[in-house]
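A quick write-up on the structure given underneath.
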Amino acid sequence: MRTKVGKFKTPYTRNVIVSYIKAVSELTGKSPTYRDLNQVPGPAARTIVRHFGTWSKALKAAGLRPKTNQLLKGEKTFIRKNWRKMTDKQIAEDLGVTPEVIKYYRMNYSLWKNRKGTSKQKHKADGMRIYGKNCEVCNLPITELHHIKPKSDKPDDWAILCPTCHSIITRKIVTVRTRNELKTELKPYVKNLYKTIGF
Ligand SMILES: [Zn+2]
């Protein structure tokens, strides 16, 4: 029969855990992963997570960055709770990952729809109120906002376009410099295009 060594669980303090993580990282020469720690004697990875909330936070306390950009469960919850109040950069700094990771997570779960402060969403809503819900060129009801002048917040520099008409401009097939050129330049091109493909 195997003898149990410690009858009681060792009460680890945060300081002990931090120096333990540092020691393991010096030993292995990298930021330890959750799995790495489970292979080394000492506080269990899940104990550490219980103390710090997330694995990333524990690593951060030890002055380390997580090895991967893979988000852990607690971190995903953190993003879902905070994406409205915090920027991607702030969240990324908190979790110790790159802002892109946060952005991709948000995009995958549609966590952007009513985010405050994104002028593009606001411009689209305002633009649709002024220019209608359909594409201004071909009348398709699926639309995007096009900035005729990049980032402009003047409605005169906006157009409500469907993805096709929009891409004709962004791919520089037709140049549109004013709202008037939507009619004089883009519309004839789109009409001709639809005729060619028999639409
Ligand atoms: Zn269109």
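None of the figures in this text is laboratory data; all of them are computed from the coordinates on show. It should be emphasised that the depicted structure is a prediction, and the values quoted were computed from it without experimental measurement. FYI the Cβ positions are ideal-geometry reconstructions off the backbone, even for glycines, and counts take in every protein chain you see.
The table below gives the values:
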{"read-out": "Neighbour-count order for Ile17, Ile91, fewest beta carbons within 10 angstrom listed first", "value": "Ile17, Ile91"}
{"read-out": "Amide H within-cut-off set for Trp158, under 5 Å, with H built and near neighbours excluded", "value": "Ile148"}
{"read-out": "Packing rank of 70-83, 144-157, where each peptide gets the mean count of other beta carbons within 10 Å, highest leading", "value": "70-83, 144-157"}
{"read-out": "Mean Kyte hydropathy of -1.0 or more with a Cα span along the axis of at least 15 Å, helices from DSSP in the chain", "value": "14-28"}
{"read-out": "The stretch 53-104 versus the stretch 124-185: alpha-carbon centroid distance in Å", "value": "37 Å"}
{"read-out": "Length-normalised contact order for the chain - Cα pairs under 8 Å, 6+ apart - percent", "value": "11 percent"}
{"read-out": "Residue-wise HN-Hα coupling along the stretch 54-59, computed from phi with Karplus coefficients 6.51, -1.76, 1.60 (Hz; x: Gly, Pro)", "value": "9, 5, 4, 5, 5, 5"}
